[in-house]
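The values are calculated or read from the model by the stated rules, or taken from the named source; none is laboratory data. Since this is a predicted model, take the numbers as computed values, not measurements. Note that each Cβ is placed from the backbone with ideal geometry, even for glycine, and that neighbours are counted across all protein chains shown.
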Amino acid sequence: MAVIITELCINCDACLQNCPVNAIADDTDNPTGANRYYVQPEKCVECVDLFDDPQCAAICPSIGCITWDMPFIKEFDSHFLNEELYKLCSKDGIVKSPAFKEKKYRKDIPLSMRGVGKEVQVEPEN
């Protein structure tokens, strides 16, 4: 996962319909039990090689709802395994963590902007 849907989510369905890799679960399928949409970290590719920007943030009407997370790579395996925010899928009893399979991520987004609530989409200036 490279993005997180925050509590600002209004469950409007826009991101779910716009995700090119079907990485978003709706509020009724959120594995954490939260009443908001959820980006499945083991599926999200930040729209790398697909679009210029993550499409969930591009379509989201709630400015600040989509924030950058750490890249889904081996270096951050413990981040995804040990945080309550994530419920990773498993396959044949093996958890699909970054150690299982890394995902593409936007290398132009510095680590200092990841995992700290930095918005993917910002409100346009007037």
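At a glance:
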{"read-out": "Any hit, the range 36-57, residues being within 21 Å of L8 (Cα to Cα), hydrophobic (A, V, I, L, M, F, W, C) and part of a helix (DSSP H, G or I)", "value": "yes"}
{"read-out": "Which listed residue is in contact (Cβ under 8 Å) with a residue 40 or more places away in the chain and either farther than 21 Å from V116 by Cα or surrounded by fewer than 13 Cβ atoms within 10 Å (Cβ to Cβ) (or both), from N11, N18, N22, N82", "value": "N18"}
{"read-out": "Members of the range 71-126 that are part of a helix (DSSP H, G or I) and either within 13 Å of the chain's Cα centre (by Cα) or on the phi > 0 side of the Ramachandran plot (or both)", "value": "F80"}
{"read-out": "S62 small (G, A, S), modelled with pLDDT of 90 or more and not in a loop (DSSP other than H, G, I, E, B)", "value": "no"}
{"read-out": "Condition broken by D53, with the remaining ones in (1) more than 17 Å from T6 (Cα to Cα); (2) touching a helix residue (DSSP H, G or I) at 6+ places or on another chain (Cβ under 6 Å); (3) surrounded by fewer than 16 Cβ atoms within 10 Å (Cβ to Cβ) satisfied", "value": "(2)"}
{"read-out": "Residue check for I4: touching a helix residue (DSSP H, G or I) at 6+ places or on another chain (Cβ under 6 Å), among the β-branched types (V, I, T) and surrounded by 18 or more Cβ atoms within 10 Å (Cβ to Cβ)", "value": "no"}
{"read-out": "Those residues of the range 68-126 which are modelled with pLDDT of 90 or more and over 26 Å from D49 (Cβ atoms), in sequence order", "value": "S78"}
